[in-house]
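The values are calculated or read from the model by the stated rules, or taken from the named source; none is laboratory data. Bear in mind that the values here come from a model prediction, so they are computed numbers and not experimental data. Every residue, glycine as well, gets a Cβ built from its backbone with ideal geometry; the counts of neighbours run over all protein chains shown. What goes into the accessible areas is simple: the full protein's heavy atoms, side chains included, and nothing from ligands, DNA or RNA. Shrake-Rupley method; radii C 1.70, N 1.55, O 1.52, S 1.80 Å.
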Amino acid sequence: MDFLRVAILMVHPILALALIWTFMRQRSWRREREGLLGSERTSALKAHEKSGNRIMAYLLVVILVAFTAQIVDAIILGQSTEEALRQLIPNHYHGWAGILALALMGSLWYLGRKTSSLSREGESIVKIKDLHGRLGDVMAVLVIIHAFLGFLYFFQIV
């Protein structure tokens, strides 16, 4: 495999690793919030919400890069435009799990935003906050599995 193909295909995993690191740091909020009070807690909560919004945007970028890398790789291999566009349809578990991850992360992001809006309205956030945290825990496990499968998939295509 030539250097250009490897470089193009490595962009997605490198960005994904940065996103995973950011996501795992975001999850530390559950531990950190316990010792915070007053304005310090409010400031940390705003940072947590801002980070959650960024993570959702970064996820979209990482997925877009993955699709783009697959199309460019197909073109480098001399495939027709039609064949290159077919690369957008996942043909392996890692690809389908990425689409599932997008749906789950969208749900996690939605729950976080809902928790925030309910809190501002003075309504109870206990159930939705718990659901948001539990989904974050599930996502952490799925992210690790997804990354491992991506690692295996990368060696299959190179």
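Figures for the structure shown
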| item | result |
| --- | --- |
| Unmet criterion (only one of (1) closer than 20 Å to residue 15 by Cβ; (2) of a type in the set (A, V, I, L, M); (3) open to solvent by less than 60 Å² (accessible area, probe 1.4 Å)) for residue 125 | (1) |
| Pair list, Cβ < 7 Å and 6+ apart or interchain, from the range 110-136 residues that are in a helix (DSSP H, G or I) to residues that are among the charged types (D, E, K, R) | 112/49; 115/129; 116/49; 128/114; 133/30; 136/27 |
| Pairs where the first residue, in the range 84-101, is assigned to a helix (DSSP H, G or I) and the second is polar (S, T, N, Q) and open to solvent by 30 Å² or more (accessible area, probe 1.4 Å), C-beta under 9 Å, 6+ apart | 84/70; 86/79; 95/70 |
| Selection count, the range 30-67, where residues are assigned to a helix (DSSP H, G or I) and over 17 Å from the mean Cα position of the chain (by Cα) | 16 |
| Failed item in (1) open to solvent by 70 Å² or more (accessible area, probe 1.4 Å); (2) of a type outside the set (A, V, I, L, M); (3) closer than 17 Å to residue 29 by Cα, with residue 156 passing the rest | (3) |
| Members of the range 95-148 that are out of contact with any helix residue (DSSP H, G or I) (no Cβ under 9 Å at 6 or more places or on another chain), β-branched (Val, Ile, Thr) and under 17 Å from residue 27 (Cα atoms) | 141 |
| Any hit, the range 14-25, residues being closer than 30 Å to residue 77 by Cα and loosely packed, with under 13 Cβ neighbours inside 10 Å | yes |
